[in-house]
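Let me begin by presenting the structure, written as structure tokens, before commenting on it.
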Amino acid sequence: MRNEQTENDVFLSRSARNNAERQKQKRNRSIGVSVAAVLLVVILGLGYFIFDLQRQFNSKSNTVSLGFTDAEQQARPVKDPDDKSMNVLMLGVDHADSEVEETTALDGAVSQRSDSMMLVHIPEDRSQVFIMSMVRDMYVDIPGHGKDKLNAATSIGGVPLLLQTVEGMFDTKIDHVAMIDFEGFKELSTALGGVTVHNEIPFTANDTDYYYPVGDIDLEGDRALRFVRERKSFTDGDYQRVANQRKFIAAATNQVLSTGTLTNPAKLYEIVDKVSPFLTFDENFDAATLVGLGLQLKNVDTRNMEMFTMPTAGTAMTAQGQSIELASELAMTQIAQALQEDDMAGYLRENPPVGQ
């Protein structure tokens, strides 16, 4: 009898264990399905979130048509199909400042201008970003119009002529154009809750009581706008202004790419909503392209950004009595070679920026 009891006990024990195992497997499968479902919802939600952000960005930002004729298109530099580097002409326009709303070209033309001009070079390996400011009064060849200030190209022929002018300076094709109204700096700083920059020259913005001391300063709203706009407070005028603009761009970019911003949907929506209306891109530089570029540059921060002002050859006066900055033929030749060979790092090693 004891043997029969033992066998029954063993059978029941095994049965209980098997049943428990089946229940455990069932629970594990349920947990696995639940986790998979949650992950799927998150992934789909993230995909929709990104799609919706892109849709909102595309609908609120502006587009500039380059509109080259066939002859103009054929005259542009040709880029090697194997060259995966990217060149972007980044322009700043200040509609809020009546003093910089218009400019007079040497031929007498008066029109809206670009107040800030930067050539952004992104190397093929996407390891760095090079941002080169170009002073607006640099005296250069403007295609079809002879010598004039770089800034006058926009007055004469708009963004397309400015792009052709810069391409001619470096015999290098520019892939995209991006423009920002200075009011966008104000809105971006507000959306980010302030942007911290390191200020090296103390100054008070012209016609205001906004004082900017030496050291780390928080910029938000109108104080941010005046920081990137100011030039009259500096002995070197535009040179310091473009340096301050680069500082702001670098600091703001770092904050936008920070974990605290990228993981905050409400913050991202606010940035896109507030800043997009002040942004203008060429037809091929849409949100999807920007997102793709952003993913490629995910490991780049301000420590990987090289920012400098293109060297000039000194100041002079034209026959019409206008002050100009003489273009440095040596600098243009060296920078052209660096862009064509995707070696801006090498150019800066050989020509470290002075006082920047």
Residue hits (segment 215-229; in contact with a strand residue (DSSP E or B) (Cβ under 6 Å, 6 or more places away or on another chain) and either part of a loop (DSSP other than H, G, I, E, B) or surrounded by fewer than 16 Cβ atoms within 10 Å (Cβ to Cβ) (or both)) are Asp216, Asp218
Cβ-Cβ distance below 8 Å, separation of 6 or more or different chains: which pairs start in segment 276-292 with a residue that is assigned by TED's automatic domain parsing to the domain that holds Val159 and within 18 Å of Leu188 (Cα to Cα) and end on one that is at pLDDT below 90 and aromatic (Phe, Trp, Tyr)? Ser276/Phe57; Ala287/Phe57; Leu290/Phe57
Residue tally, condition closer than 21 Å to Arg303 by Cα and either part of a strand (DSSP E or B) or small (Gly, Ala, Ser) (or both), over segment 198-214: 2
Taking segment 208-231 on its own, how many of its residues are among the small types (Gly, Ala, Ser) and touching a helix residue (DSSP H, G or I) at 6+ places or on another chain (Cβ under 8 Å)? 2
Of the residues in segment 190-200, those that are surrounded by 13 or more Cβ atoms within 10 Å (Cβ to Cβ) and under 13 Å from Asn244 (Cβ atoms) number 3
So which of Thr309, Thr289 is farther than 30 Å from Asn58 by Cβ and of a type in the set (Val, Ile, Thr)? Thr309
Return the residue satisfying two criteria in turn: it lies in segment 237-257 and is among the hydrophobic types (A, V, I, L, M, F, W, C) and part of a helix (DSSP H, G or I), and of such residues it is modelled with the lowest pLDDT. Val256
Residues that are on the phi < 0 side of the Ramachandran plot and touching a Gly at 6+ places or on another chain (Cβ under 9 Å), at least 3 per element: which strands (runs of 3 or more DSSP E) completely within segment 129-184 meet that? 138-142, 176-181
Within segment 310-338, which residues are surrounded by 12 or more Cβ atoms within 10 Å (Cβ to Cβ) and acidic (Asp, Glu)? Glu325
Kindly indicate which of Thr103, Thr165, Thr154 is modelled with pLDDT under 95, crowded, with 20+ Cβ neighbours inside 10 Å and hydroxyl-bearing (Ser, Thr, Tyr). Thr154
Of the conditions (1) assigned to a helix (DSSP H, G or I); (2) within 27 Å of Leu330 (Cβ to Cβ), Phe234 clears all except one; give me its number. (1)
Does Glu341 satisfy being exposed (fewer than 13 other Cβ atoms within 10 Å of the Cβ), at pLDDT 90 or above and under 24 Å from Ile122 (Cβ atoms)? yes
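The values are calculated or read from the model by the stated rules, or taken from the named source; none is laboratory data. Small disclaimer: the values here were computed from a predicted structure and weren't measured. A quick note on method: Cβ atoms are made from the backbone with ideal geometry, for glycine too, and the neighbour counts reach across all protein chains shown.
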